[in-house]
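Trainee: Structure below; questions to follow.
The values are calculated or read from the model by the stated rules, or taken from the named source; none is laboratory data. All of these numbers come straight from a predicted model, not from anything done at the bench. Neighbour counts are summed over all protein chains in view; Cβ atoms, including those assigned to glycine, are modelled from backbone coordinates with ideal geometry. Protein only, heavy atoms only, side chains kept; ligands, DNA and RNA dropped before computing areas. Shrake-Rupley method; radii C 1.70, N 1.55, O 1.52, S 1.80 Å.
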Amino acid sequence: MDAEGETASVLAVAGNYAVVKLPKRNFPAAAIQGDSLKILQGTLQELAENLDAGDLSEARFLAGEVASVISDMLSVYEAASREKGFALPYYGP
C-alpha cells in the first residue's frame, strides 16, 4: 500500500514473474522475484567477465540465457496486458 492508501493490482502470475498495475501509472509493470533478479544480475556479470576474457562461446551462451529469461517475462507481460485490455507501451514485435 502506498502513502495514499492505494494498492497495486496483480494482473497475472507466471512462475517467478508477475504483471502488476501500479496506481497512477498508464501501463502495467513487470515484476520479478528478488532471487530471480539476483540470478539474472549474476548471469549478466558473468557475461561481462567472459567478454573481458575473450571467451565468446561462453558469453554467447550466457547472452542467450538472459535473452530467454527476458523473452519469457515479456511474453507474460504482453499476454496479461492484452487479456486485461491494456495497450502495449511500445510498437513492434
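Trainee: Just grab the label-to-label distance for E6 and Q41, each label 7 Å out from Cα along the Cβ direction, in nm (one decimal).
Mentor: 2.8
Trainee: What stretch of the chain, leaving out the sites themselves, is the longest with no chymotrypsin sites (Phe, Trp or Tyr not before Pro) in a DSSP loop having at most 14 other Cβ atoms within 10 Å?
Mentor: Of all site-free stretches, the longest is 1-89.
Trainee: Could you give the accessible area per residue of the chain, probe 1.4 Å, as a whole number in Å²?
Mentor: 69
Trainee: Please give, to one decimal in nm, the separation of the simple spin-label points placed at A67 and E83, each 7 Å out from Cα toward the Cβ.
Mentor: The answer from the label model is 2.7 nm.
Trainee: Given the Cα atoms of the stretch 1-89, and with Rh set as the inverse mean 1/r over their pairs in the Kirkwood sense, what is Rg to Rh to two decimals?
Mentor: 1.11
Trainee: So between Y90 and V13, what do we pick up on full extension, going 0.36 nm a residue minus the alpha carbon distance?
Mentor: Details: separation 77, 0.36 × 77 = 27.72 nm, distance 2.15 nm.
Contour length minus the Cα-Cα distance gives 25.6 nm.
Trainee: Could you tell me which of S36, A53, G64 has its Cα farthest along the dipole of the stretch 26-72 towards the positive end, charges placed at Cβ (Lys, Arg +1; Asp, Glu -1), taken about the Cα centre?
Mentor: Of S36, A53, G64, it is S36.
Trainee: Now for a separate question. Suppose every Lys and Arg Cβ carries +1 and every Asp and Glu Cβ carries -1, with no other charges. What dipole size does the chain come out with about its Cα centre, to the nearest 20 debye?
Mentor: Here the size comes out at about 520 debye.
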